[in-house]
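The values are calculated or read from the model by the stated rules, or taken from the named source; none is laboratory data. In this text the structure is predicted, and so the values were computed from the model without any measurement. Glycine also receives a Cβ, built like all others from the backbone with ideal geometry; neighbour counts cover every protein chain displayed. Only protein heavy atoms, including side chains, enter the accessible area calculation; ligands, DNA and RNA are left aside. Shrake-Rupley method; radii C 1.70, N 1.55, O 1.52, S 1.80 Å.
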Amino acid sequence: MERKNVTVSTISNMKANGESIVMITAYDVAMARNVDEAGVDMILVGDSLGNVIMGYQSTLPVTVEDMIHHTQCVMRANPKAMVIADMPFMSYQASIEDGIRNAGRIMKETGCAGVKLEGGVSVAPLVKRLVEAGIPVVAHIGLTPQSVNAFGGFKVQGKTVEAAQQMIEDAKTLEEAGAFACVLECVPAALAKKVTENCKVMATIGIGAGSDCDGQVLVCNDLLGVSNGFTPKFVKKYANLHDITVNAVKEYINDCKGRTFPAAEHTFKLDDSVLEKLY
Ligand code: KIV
């Protein structure tokens with residue numbers, strides 16, 4: 001049976017039916033094609049592209065233009081998965097108007113299906129306005145990397161009674177505001193379960209938040225082991241593309257140095273009759 005396009009109602013039905021939602025990041029057309037062929041439900045063009053693609057130390061330098069560029073690349077894969085684009089740092093924090101204009105730009109210039117933004121109760125009025133404007137919203141609470149400087153590092157969130165209760169309140173308020181899904185990042189598993197139970201319609205998507213969320217998300221480069229640098233505790237590496245890449249390129253170098261590549265099958269021929277006439 002041909003796969004149908006994943007929409008907000010697909011995700012809401014999956015939550016209602018207890019069917020796990022699978023999200024993964026992608027930043028270019030090749031990765032988007034591959035993860036879509038594998039059958040993911042949602043593709044997130046995360047502002048994590050600042051770290052994993054652009055080499056920044058955080059997501060803070062990522063711009064609306066960067067997000068539009070990479071989301072356009074992903075959309076050229078024409079995926080069945082629902083594509084969500086991150087709203088980068090300072091594209092929505094200064095005012096609701098900024099948030100609406102930038103989200104509208106991202107939607108219009110990329111054709112993606114919705115946006116993700118970080119924050120709890122404080123961003124709920126913006127979420128409401130975006131949803132009223134017809135823009136599906138994924139929220140993001142717990143460790144929100146755009147606030148890394150305020151948190152003093154990448155730390156597990158919600159470990160005190162006050163912080164845990166606030167997270168539950170944040171989730172309920174975002175649900176009321178109309179977010180159809182919410183990423184829970186670096187949240188103790190028992191708290192993520194409570195948050196999930198408190199959300200009747202908003203699907204929770206965990207990253208470092210245990211197995212009781214409605215779905216899971218990982219950064220594609222992390223789960224594929226693209227580099228051999230630091231890997232967070234919550235990542236399961238399903239492949240080691242770092243070693244595969246380095247070994248393949250070493251073989252290529254050897255072949256070139258030994259002149260065994262290109263071989264006859266990689267080479268174009270010239271007719272002898274042409275060759276003879278050359279001087
Ligand atoms: O930017 C990103 O990739 C994210 C995920 C880690 C959820 O926000």
| Sole residue being among the hydrophobic types (A, V, I, L, M, F, W, C) and farther than 21 Å from Val226 by Cα, chosen from Met87, Met54 | Met87
| message | Please return the ranges of helices (runs of 4 or more DSSP H) entirely within segment 165-279 where 3 or more residues are without any contact (Cβ under 8 Å) to a residue 12 or more places away in the chain. | response | 241-257, 272-276
| task | Pick out the one residue from Gly119, Gly142 that is out of contact with any His (no Cβ under 8 Å at 6 or more places or on another chain) and within 16 Å of the ligand (Cβ to nearest atom). | result | Gly142
| message | Looking only at segment 200-225, filter to residues that are at positive phi and either modelled with pLDDT under 95 or open to solvent by 10 Å² or more (accessible area, probe 1.4 Å) (or both); which one of those is nearest to the ligand (Cβ to nearest atom)? | response | Gly208
| said: Checking the conditions here, which among Glu169, Glu197 is more than 14 Å from the ligand (Cβ to nearest atom), within 18 Å of Ser20 (Cβ to Cβ) and exposed (fewer than 15 other Cβ atoms within 10 Å of the Cβ)? | reply: Glu197
